[in-house]
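Here is the structure we will look at, set down as structure tokens.
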Amino acid sequence: MAGEEGKVDPMKQFEIEPMFGSDSWDVAGMNIAFTNSTLWMAITTILLVVFVAGGMKRELVPGRWQMAVEFFTGFIDDMLDANIGKEGRKYVPYVFTLFMFILFGNLLGLLPLGLVGVHPFTFTSHFTVTGVFAVISFSIVLIVGFWKHGIKFFTLFVPHGTPLPMIPVIFPIELISFLVRPFSLALRLFVAMMAGHVLLKVLASFVIDSTNAGAGFGVLVGIPSFTLMIGISALEILVAGIQAYVFALLTSLYINDAEHLH
Amino acid sequence: MPQIAQLLETYSSQIFWLLVFFGITFFVVGRGMVPKVLDTVSLRDKQIADDLAAAQSARDAAGEQEEAWRVRENENRAAAQALIADAKAKAAANTEKALAKAQEGLDAQLAEAEGRIEEARNSAMGEIEGVAAEAVQDILLKVAGTKVTKPTANKAVKEALNG
């Protein structure tokens, strides 16, 4: 749709396109085309490896880069320590990877690379992707919970001090709220990322269309819209960090439930 | 909404590649690098804690030495003060002795002088009596024309002078 009649389609940015003629790559009947989404996952992976590898000089007095990497590892380590306790240490690799992968994916999707003709793709704005993160986190909770506590894991759904007659009512409610967790995890990130990007594109279309309609409209509508875009871009950078943090924080809280049963 | 419109064609590719790249990141970064970074941090924290402990113990040792020095210093000062007090006492005793000696000499001189004065006064008194007796004899001879003997005159003068 974009390009036709000079209109901007705010949803175009979420379209997945196979690249390098890989449309027909199949494994066991499943299509695994290398898409633009895949490309940005690969970029995220490479940048993340480069970023953390740059902080591996292991110097006693850290430089700026090492400081930055240690800030992030320390941040996750402290978060897990505060929410889970000393058992949280063993989840640092997973939660760190999760947090950094989402954070880098969010931030890379916000890069203004459109100026040089490259279109960044925010893979965290697809619920197929956020869903996979949520399923992994939820699987860890289930596996750890049943591994450590066996059938007693179900006592998670009966809070302490529940009167006996209330258990048949409380148990299904708690169970449902537990089962909703992966969906809320996945949807929260996907919706937040998509909403921000759509808003930016809609405002961008205001700027373009109003300017095309005449100089007066351009000044009246285009300039305020552009000012708003600058502010919302800053907000989106904040949201990118917050959503990655929220995902990691909730994962650690859920793991805490599995480790300690309240 | 492409997320839903393209769901059926793309979900397998999305999930597959996400698992591939997330897996690579997890094993290379999460499992490979992050523990080393955390080790470095905890190593540094340990070193800082050790250094701080060493500094604290050095400070404690310095404090102890200062305390010992203070005790020694106080002892020395006390010894010095005892020495001074001793010397003072000795000096005072010496002075007293010298003063006593001088006093003794003065007393002796005084007594001697007093003796000499007494002697002089007695001899002067004797002379005055003799002169007075002669004067009495002369006065009586010239005024009354009577002659008195010397012992009588002496006796009368002695009675008049000593009352």
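The values are calculated or read from the model by the stated rules, or taken from the named source; none is laboratory data. Model, not experiment: these values are computed from the prediction. Here the Cβ is made from the backbone with ideal geometry for all residues, glycine too, and neighbour counts use every protein chain on show. Keep in mind that these areas ignore ligands, DNA and RNA; they rest on the heavy atoms of the full protein, side chains included. Shrake-Rupley method; radii C 1.70, N 1.55, O 1.52, S 1.80 Å.
Annotations
- Cβ-placed point charges (K, R +1; D, E -1), dipole of the protein assembly as shown about Cα centre in debye, nearest 20: 300 debye
- Over chain A: Rg over Rh, Cα atoms, Kirkwood Rh: 1.06
- Once the C-beta distance of A:His149 and A:Leu111 is scaled by a Förster radius of 41 Å, the resulting FRET efficiency is 0.40 to the nearest 0.05.
- Sulfur and carbon atoms: percent of accessible area, the stretch A:4-260 [1.4 Å]: 74 percent
- Secondary-structure-derived ellipticity at 222 nm for the protein assembly as shown, considering helices only, amounts to -26500 deg cm²/dmol, per-run term -39500 (n - 2.57) for DSSP H runs with n ≥ 4.
- For B:Ala53, the shell of other residues with beta-carbons less than 13 Å away shows a net charge of -2, using +1 for Lys and Arg and -1 for Asp and Glu.
- Taking A:Gln243, A:Gln66, A:Gln13 as the candidate residues, the one with maximal mean-square fluctuation in a Gaussian network model of chain A, Cα springs under 10 Å, is A:Gln66.
- With the charge dipole of the stretch B:53-116 set up from +1 on Lys and Arg Cβ and -1 on Asp and Glu Cβ about the Cα centre, the Cα lying farthest toward the positive end among the listed residues B:Ile84, B:Val71, B:Ala54 is that of B:Ile84.
- Euclidean distance of C-alpha centroids, the stretch B:61-98 and the stretch A:220-238, integer Å: 85 Å
- Counting only heavy atoms of the protein chains and using a 1.4 Å probe, A:Val116 has close to 110 Å² of accessible surface.
- Mean separation of Cα contacts under 8 Å, 6 or more apart, over the residue count of chain A: relative contact order %: 23 percent
- Inter-centroid distance (Cα atoms) of the stretch A:118-151 relative to the stretch A:9-29, Å: 22 Å
- When chain A is treated as a Gaussian network with alpha carbon springs shorter than 10 Å, the biggest mean-square fluctuation among A:Asn36, A:Asn212, A:Asn106 belongs to A:Asn212.
- Net charge over other residues, Cβ less than 14 angstrom from the Cβ of A:Ile84 (K, R count +1; D, E count -1): -2
- Across B:Asn76, B:Asn94, B:Asn122, mean-square fluctuation computed from a Gaussian network of chain B (C-alpha pairs under 10 Å connected) peaks at B:Asn122.
- Remark: relative contact order (the stretch B:10-162) = 11 percent; criterion is Cα-Cα distance under 8 angstrom and separation of 6 or more residues.
- The C-alpha atoms of chain A define a longest principal axis, and helix A:64-83 lies at about 40 degrees to it.
- Alpha carbon centroid spacing (whole Å) that separates the stretch A:171-201 from the stretch B:100-149: 146 Å
- Qualifying lysines (Cα of each under 21 Å from Cα of B:Lys155; at least 8 residues distant if same chain): B:Lys142, B:Lys147
- Couplings for the stretch B:107-117, taken from phi via the Karplus curve 6.51 cos²θ - 1.76 cosθ + 1.60 with θ = phi - 60°, read 4, 4, 4, 4, 4, 4, 4, 4, x, 5, 4 Hz in order; Gly and Pro are left as x.
- Angle of helix A:127-149 to the longest C-alpha principal axis of chain A, folded into 0 to 90 degrees and rounded to 10: 10°.
- Total formal charge among the other residues, if their Cβ is under 14 angstrom from that of A:Phe99, Lys/Arg +1 and Asp/Glu -1: -2
- Rounded to the nearest 10 degrees, the angle from helix B:7-25 to the longest Cα principal axis of chain B is 40 degrees.
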